[in-house]
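**Student:** Below are the structure tokens for one structure; questions will follow.
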């Protein structure tokens with residue numbers, strides 16, 4: 001949490017971020033019971049804006065102390081694993097204090113049939129910046145498909161193809177491809193994109209007649225999986241993380 005006294009947060013966001021509650025629903029229930037006070041006044045409106053380093057906020061009679069303790073983890077998501085917040089946070093058990101547990105969230109998603117790099121952090125600003133395609137931060141994937149990856153198909157994928165996103169036609173942003181191996185039956189290539197729509201890569205490949213059989217996210221900006229095996233998790237310092245992702 002940035003130590004900017006003017007920055008405002010919705011009260012329920014702060015309660016979740018500090019581990020006081022697990023969800024907005026729980027916060028609403030406790031607010032109705034009079035468990036939340038802001039500057040000595042009971043607060044039932046969860047969307048009320050508070051200044052965490054200036055306002056006095058109490059929860060169940062205890063003053064909430066706000067400290068900047070941002071942490072950054074990289075997980076190599078295993079195959080067949082649903083990327084819900086609850087599932088992913090299980091990898092943090094024993095690594096972060098229980099009171100901070102629910103302030104963490106995954107940056108980006110991978111479908112059940114994909115593996116690779118997922119960031120888990122409680123740094124909301126960093127997460128939003130990573131996901132914003134306007135920053136042109138590359139995400140790199142290794143993609144294995146059935147069939148021959150022709151120059152014509154490469155050209156289409158790099159220039160952008162039309163796919164369905166939430167029942168709406170969407171043209172993907174320009175991509176980069178580096179072919180690793182190809183034959184009439186199988187092709188393996190590296191794909192670089194700056195966005196991350198739901199099941200985007202699979203839909204892109206389907207649009208040019210290719211069926212994805214394996215998909216691994218190996219890198220975001222300069223933050224790479226390296227030798228991290230499926231199911232393993234690694235923590236980075238803020239300096240290491242920001243250097244790899246934002247510089």
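Laboratory data are not the source of any read-out in this text; all were calculated from the coordinates shown. All figures in this text were calculated on a predicted structure; none of them were measured in a lab. As a convention, Cβ positions derive from the backbone with ideal geometry for all residues, glycine included, and neighbour counts pool all protein chains shown.
**Student:** Checking the a/c ratio against 1.5 first, then a/b against b/c, what shape does the Cα gyration tensor give for region 174-247?
**Tutor:** prolate
**Student:** Fewest to most neighbouring Cβ within 10 Å: what's the order for 181, 243?
**Tutor:** Ordered from fewest to most neighbouring Cβ atoms within 10 Å, 181, 243 come out as 181, 243.
**Student:** Using just the alpha carbons, could you tell me how many Å³ per residue the convex hull of region 90-132 encloses?
**Tutor:** Here the figure is 83 Å³ per residue.
**Student:** Which of [x] 16.1; [y] 15.0; [z] 22.3 is the computed mean projected area of the Cα convex hull in nm² for the structure on display?
**Tutor:** Among [x] 16.1; [y] 15.0; [z] 22.3, the one calculated here is [y].
**Student:** Within a 10 angstrom radius of the beta carbon, how do 117, 89 rank from fewest other beta carbons to most?
**Tutor:** Placing the least packed residue first, the sequence is 89, 117.
**Student:** If I take every Cα pair under 8 Å that is 6 or more residues apart in the chain, average their sequence separation and divide by the length, what percent do I get for the relative contact order?
**Tutor:** Across the chain, relative contact order equals 20 percent.
**Student:** In the P(r) worked out for region 54-115, what percent of Cα pairs fall beyond 13 Å?
**Tutor:** 69
**Student:** Once you have the alpha carbon radius of gyration of region 16-138, what is it after dividing by 2.2 N^0.38 Å, with N set to its residue count?
**Tutor:** In units of the globular-protein estimate, region 16-138 measures up at 1.23.
**Student:** Would you work out if region 87-166 is rounded, prolate or oblate? Take a ≥ b ≥ c from the square roots of the eigenvalues of the alpha-carbon gyration tensor; rounded if a/c is under 1.5, else prolate when a/b is larger than b/c, oblate otherwise.
**Tutor:** Prolate is the answer for region 87-166, as a/c is 1.5 or above and a/b outweighs b/c.
**Student:** Please tell me the relative contact order of region 174-242 in percent, rounded to the nearest whole number, where contacts are Cα pairs under 8 Å and at least six residues apart.
**Tutor:** 16
**Student:** Let me ask something else. Mind running the shape call on region 127-189? Use the C-alpha gyration tensor, a ≥ b ≥ c as the square roots of the eigenvalues: rounded below 1.5 for a/c, prolate if a/b tops b/c, oblate otherwise.
**Tutor:** Since a/c reaches 1.5 and a/b is larger than b/c, the shape of region 127-189 is classed as prolate.
**Student:** So what is the relative contact order for region 9-63, in percent, with contacts set as C-alpha pairs under 8 Å and at least six apart?
**Tutor:** This gives 38 percent for region 9-63.
**Student:** Would you mind ranking 163, 233 so that the residue whose beta carbon has the fewest other beta carbons within 10 Å leads the list?
**Tutor:** 233, 163
**Student:** Here is a further query. Return one quarter of the surface area of the convex hull spanned by the alpha-carbon atoms of region 84-218, equal to its mean projected area, in nm².
**Tutor:** Its average projected convex-hull area is 9.0 nm².
**Student:** Taking 37 °C and 0.692 mPa s as the conditions, I'd like the Stokes-Einstein D for region 9-63 in µm²/s, using the Kirkwood hydrodynamic radius from alpha carbon pairs.
**Tutor:** Reported coefficient: 306 µm²/s.
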